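Student: Mind looking over this structure? Questions follow.
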Amino acid sequence: MPLPTLAEIVDWLFTTYRDQDGRTLLPRDVALYGDNVSVDIIQKLRSGKADNPTARVIEAICLAFQLPPILLFPKLWPLTLLWVPPNIPDRAPFPVANQFIHAEHPFYSNPSSPYRIWRDAQQQDASGSDE
C-alpha cells in the first residue's frame, strides 16, 4: 500500500476536520496559527503544488488541526506503532498517536483517515489476515 502524499493528508484534514464550533477550517484560518505563514503556501500544500513546507508552516497546520507533526510525515508512521514509554520496561509498545491525539480526533478515529487506512493495513499485515 503506497503512503499518502502530504497534499493528500492536508486535503483530507481540510475536507474532514471540524473545529470545536463544527465548522471546516479554511486556508486563511490555518495561516493565522503560524508566524508569518501565507494563505498561498497552505493552498499550494493542499493542492500538491508545494511539498516541502517550512517548520513554521508545519507548526501552523499542526496547531490548527490539533495533531502532532509526525502525522504529516507518513514515512515516520511506523514509529507511532512501536513507541515504548521511557522508564517503563515491562509495558508493551503502544501507538504513540494515542498519547498526542484525542481518540475521537478524526485523523485517528475516522476510517477514511490516511493514517487509519495505513495503520489498519499494517495491523492486517501483522495478523496475516486477508479479510
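Student: I'm trying to understand the selection: among the residues of segment 11-26, which are open to solvent by 20 Å² or more (accessible area, probe 1.4 Å), part of a helix (DSSP H, G or I) and in contact with a helix residue (DSSP H, G or I) (Cβ under 8 Å, 6 or more places away or on another chain)?
Tutor: ASP11, TRP12, THR16
Student: Something else now. Take the residues of segment 44-82 that are among the small types (Gly, Ala, Ser), over 18 Å from TYR17 (Cβ atoms) and in contact with a helix residue (DSSP H, G or I) (Cβ under 8 Å, 6 or more places away or on another chain): which is most open to solvent (accessible area, probe 1.4 Å)?
Tutor: GLY48
Student: If you don't mind, another one. If we keep just the residues of segment 27-38 that are open to solvent by 60 Å² or more (accessible area, probe 1.4 Å) and either in contact with a strand residue (DSSP E or B) (Cβ under 9 Å, 6 or more places away or on another chain) or not in a helix (DSSP H, G or I) (or both), which is nearest to LEU71 (Cα to Cα)?
Tutor: So the residue we want is TYR33.
The values are calculated or read from the model by the stated rules, or taken from the named source; none is laboratory data. For clarity, every value in this text was computed on a predicted model and none was experimentally measured. Positions of Cβ are backbone-derived with ideal geometry, glycine not excepted, and every protein chain shown enters the neighbour counts. Side chains included, ligands, DNA and RNA excluded: accessible areas come from the protein's heavy atoms. Shrake-Rupley method; radii C 1.70, N 1.55, O 1.52, S 1.80 Å.
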